[in-house]
Amino acid sequence: MNYEEMLSDRAKIIKPSGIRKFFDLASQMEGVISLGVGEPDFTTPWTIREAAIYSIEKGKTFYTANRGLLELRQEICQYYKRRFGVSYDPEKECIVTVGGSEGIDIAIRALINPGDEMIVLDPGYVAYTPGVELSGGIPVPITLRHEDEFKLTPDLLKAAITSKTKAILLNYPCNPTGGFMTKEDYEKIVPILKEAGIIVISDEIYAELSYEEEFCSIASFEEIKDQCVIINGFSKAFAMTGWRLGYILCHPILSKAMLKIHQYIIMSAPSPAQYGAIEGLKHCQDEVEKMRDSYKARRNFLVKTFNDMGLATFKPQGAFYVFPCIKSTGLTSDEFCEQLLNDQKVACVPGTAFGPAGEGFIRVSYAYSLEELKVATEKIKLFIEKLKTK
Amino acid sequence: MKIYTYQNFLKKFFYNTQICNTMNINMKRGVIVMEDKLLLRLLQQNARIKITDLAAALEESKDHVIERLTELEKEKVICGYHTIVNWDLTNTEIVTALIEVNASPEREYGYDRIASHIYKFEEVDTMYLLSGSFEFAVIVKGKTMQEVAHFVASKLACVEGVTGTSTYFVLKQYKNNGVILVEDEDGKNDRLVVTP
């Protein structure tokens with residue numbers, strides 16, 4: 001049997017992640033210093049782990065409601081209100097998902113028909129474009145600009161909207177660029193989104209990791225709130241990546257459709273993770289703030305270090321990535337990362353793993369201690385100096 | 001053994017409030033400013049961090065960081081740059097005891113004068129005034145149990161105003177100043193090398 005032929009067109013159309021190739025290269029090598037991970041270096045706060053263990057001890061091991069534990073949904077909605085000033089109904093407008101990833105998937109599936117266009121930002125997180133393709137939708141990339149610090153500007157947005165546009169997927173603070181949209185930035189694009197009448201899926205997973213200004217949720221603009229689908233989760237802010245827990249907040253009609261998909265493909269998110277998350281939302285804001293302070297110090301250190309090296313790096317206002325421009329070296333992103341890995345055993349991710357607009361950039365994660373960052377950046381500096389003398 | 005009374009609690013509470021008042025005055029003088037919070041946290045994580053790295057992490061000039069450090073040292077916000085040593089892993093004999101101390105307050109001084117009489121002893125490592133059924137928690141270090149016992153009996157218990165002591169010897173140290181000192185898998189980072 002020719003198994004290739006057995007595969008569905010949709011499985012064939014999606015490209016393997018650009019990260020994967022680099023992962024294979026880096027994992028074959030011994031003693032690699034990695035700046036390539038997209039998850040916190042902090043272990044989940046003990047109080048969260050302890051609450052989850054306790055729930056297992058108490059035998060709370062059954063399916064929960066499809067939407068997730070009501071207590072958790074109530075905590076999530078209170079949290080969004082308290083932190084970002086946006087209100088949702090825990091009964092009808094909130095679904096607890098298996099990570100933000102499931103949230104993105106079911107949101108797209110609930111909205112996109114074959115042939116519908118969905119705007120995605122380039123560079124952007126690796127899962128968005130395949131997510132659209134798996135639904136038979138057409139991803140329409142907007143090429144963001146370094147000089148705009150990878151913000152979405154009104155001119156770019158207007159140019160991308162057509163009569164077939166169904167939705168747009170935003171992700172600020174952004175993985176991989178660290179780009180950030182302030183309230184003022186959003187004010188410029190909200191009227192366009194309202195007029196176009198398209199759905200805005202906003203992946204706000206890095207919301208808590210905002211370093212300069214308070215994070216602004218696009219759903220806080222009352223005039224388009226009903227158009228917005230918020231995706232968030234516990235991975236980044238609460239250092240809970242392996243727990244796979246996220247949530248969707250949106251209009252009840254959209255939520256109901258997403259719930260239908262969720263209940264067939266997932267049933268309900270893991271119960272111990274849900275009990276842990278309740279504890280996190282109730283008692284871990286201080287820990288979140290401590291982690292944010294650490295990230296901020298590391299970001300400042302990296303931005304200065306890369307700029308001193310001669311790699312232009314704007315100061316990202318959120319997430320835990322810097323996105324240095326390596327065009328001055330004359331290498332492509334892929335070449336730069338591969339040579340850096342072979343020469344100094346330092347792993348960064350080429351910007352192109354996040355879309356063609358990432359060419360000329362590398363993603364450097366600062367989910368590492370200052371000491372580790374220091375060692376790694378000294379090696380990158382050596383590499384750059386070697387390049388210059390070649 | 002003294003019985004814990006509401007009156008005693010109030011006396012102590014009053015003392016604690018005085019501490020808070022002094023702290024407020026310090027803040028009003030601008031000794032502790034917000035930007036110092038991150039500086040202090042970074043130093044707490046690693047007292048040996050280089051000034052240049054501190055400056056980069058805080059987006060400040062080296063001179064400014066040095067100036068802030070000097071000021072914070074002068075105001076005793078920074079009380080030292082000590083090393084956390086796990087003596088258990090060396091062949092040094094060291095005995096630690098926690099001693100509950102009961103004491104009667106004095107007019108005008110409250111517990112402060114008695115406390116100063118105690119904490120000045122070299123053997124005293126750490127000392128707190130507490131609410132509850134005894135007044136002071138005193139952590140004492142010595143080379144042997146006999147040495148510590150001798151200190152308690154001949155010095156600490158004899159301080160005027162001290163009405164009783166209970167001594168507890170430490171058997172094992174698990175965590176000190178936020179650092180876990182025993183073997184523990186926790187925090188062992190097994191993240192994948194590259195993830196999206």
(Q) Here is a check on your reading of the model: is B:ILE66 facing chain A (nearest Cβ under 10 Å) and either more than 21 Å from A:GLU289 (Cα to Cα) or in contact with a Lys or Arg (Cβ under 6 Å, 6 or more places away or on another chain) (or both)? (A) no
Listed by range, strands (runs of 3 or more DSSP E) wholly within region A:139-251 having at least 1 residues that are within 20 Å of the chain's Cα centre (by Cα) and of a type in the set (Phe, Trp, Tyr) are A:246-250
By residue number, the members of region A:1-13 that are in a helix (DSSP H, G or I) and among the hydroxyl-bearing types (Ser, Thr, Tyr) are A:TYR3
Does A:PHE323 satisfy being more than 17 Å from the chain's Cα centre (by Cα), modelled with pLDDT of 95 or more and crowded, with 17+ Cβ neighbours inside 10 Å? no
Just one listed residue, out of A:ALA357, A:ALA347, is within 13 Å of another protein chain (Cβ to nearest Cβ) and of a type in the set (A, V, I, L, M), and it is A:ALA347
Looking across region A:25-58 at residues that are among the charged types (D, E, K, R), under 16 Å from B:LEU192 (Cβ atoms) and surrounded by fewer than 20 Cβ atoms within 10 Å (Cβ to Cβ), the single one that is farthest from the chain's Cα centre (by Cα) is A:GLU30
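Residue-wise test of (1) among the acidic types (Asp, Glu); (2) at pLDDT 95 or above; (3) out of contact with any strand residue (DSSP E or B) (no Cβ under 8 Å at 6 or more places or on another chain).
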| position | (1), (2), (3) |
| --- | --- |
| B:LEU89 | no, no, yes |
| B:ILE99 | no, yes, no |
| B:TYR109 | no, yes, yes |
| B:THR195 | no, no, no |
The condition from (1) farther than 17 Å from A:ILE33 by Cα; (2) within 14 Å of another protein chain (Cβ to nearest Cβ); (3) touching a helix residue (DSSP H, G or I) at 6+ places or on another chain (Cβ under 8 Å); (4) touching a residue at least 60 places away in the same chain (Cβ under 8 Å) that A:LEU341 misses is numbered (1)
Item to check | Residue within region A:36-48 that is more than 9 Å from chain B (Cβ to nearest Cβ), in contact (Cβ under 8 Å) with a residue 24 or more places away in the chain and assigned to a helix (DSSP H, G or I) present | outcome: yes
Of the residues in region A:113-125, those that are assigned to a loop (DSSP other than H, G, I, E, B) and buried (at least 23 other Cβ atoms within 10 Å of the Cβ) come to A:PRO123, A:GLY124, A:TYR125
Q) Is it the case that some residue within region A:260-282 is hydroxyl-bearing (Ser, Thr, Tyr), farther than 25 Å from A:SER27 by Cβ and not in a helix (DSSP H, G or I)? A) yes
Checking A:TYR3, A:TYR88, A:TYR80 in turn, the sole residue that is out of contact with any helix residue (DSSP H, G or I) (no Cβ under 8 Å at 6 or more places or on another chain), more than 9 Å from chain B (Cβ to nearest Cβ), aromatic (Phe, Trp, Tyr) and surrounded by 15 or more Cβ atoms within 10 Å (Cβ to Cβ) turns out to be A:TYR80
Exercise. Say whether the condition of being hydroxyl-bearing (Ser, Thr, Tyr), more than 29 Å from B:THR195 (Cβ to Cβ) and free of Cβ contacts under 8 Å to residues at least 60 places away in the same chain is met by at least one residue in region A:15-27.
Key: no
In the set A:SER369, A:SER365, the lone residue that is of a type in the set (Ser, Thr, Tyr), within 13 Å of another protein chain (Cβ to nearest Cβ), surrounded by fewer than 22 Cβ atoms within 10 Å (Cβ to Cβ) and closer than 30 Å to A:THR47 by Cα is A:SER369
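Identify, please: which residue in region A:14-24 is crowded, with 18+ Cβ neighbours inside 10 Å and either in contact with a Pro (Cβ under 8 Å, 6 or more places away or on another chain) or assigned to a loop (DSSP other than H, G, I, E, B) (or both) and is, among those, modelled with the lowest pLDDT?
Restricting to residues being crowded, with 18+ Cβ neighbours inside 10 Å and either in contact with a Pro (Cβ under 8 Å, 6 or more places away or on another chain) or assigned to a loop (DSSP other than H, G, I, E, B) (or both), the top hit is A:GLY18.
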Would you say A:VAL132 is in contact (Cβ under 8 Å) with a residue 24 or more places away in the chain and within 15 Å of the chain's Cα centre (by Cα)? no
If we take region B:95-196, then strands (runs of 3 or more DSSP E) inside it with 3 or more residues that are in contact (Cβ under 8 Å) with a residue 40 or more places away in the chain, within 22 Å of the chain's Cα centre (by Cα) and surrounded by 18 or more Cβ atoms within 10 Å (Cβ to Cβ) are B:95-103, B:136-142, B:162-169
Next item on the list: Would you mind stating whether A:SER217 is surrounded by fewer than 24 Cβ atoms within 10 Å (Cβ to Cβ), over 18 Å from A:GLU149 (Cβ atoms) and in contact (Cβ under 8 Å) with a residue 60 or more places away in the chain?
Entry: yes
- Quick one: is A:TYR275 modelled with pLDDT of 95 or more, within 14 Å of another protein chain (Cβ to nearest Cβ) and closer than 28 Å to A:TYR79 by Cα? no
Subset of region A:328-347, residues part of a helix (DSSP H, G or I) and crowded, with 16+ Cβ neighbours inside 10 Å, comes to A:THR329, A:SER333, A:ASP334, A:PHE336, A:CYS337, A:GLU338, A:LEU340, A:LEU341, A:GLN344
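The values are calculated or read from the model by the stated rules, or taken from the named source; none is laboratory data. Keep in mind the model is a prediction, meaning the values are calculated, not measured. Because the Cβ atoms are built from the backbone with ideal geometry, glycine has one as well, and the counts that use them run over all protein chains shown.
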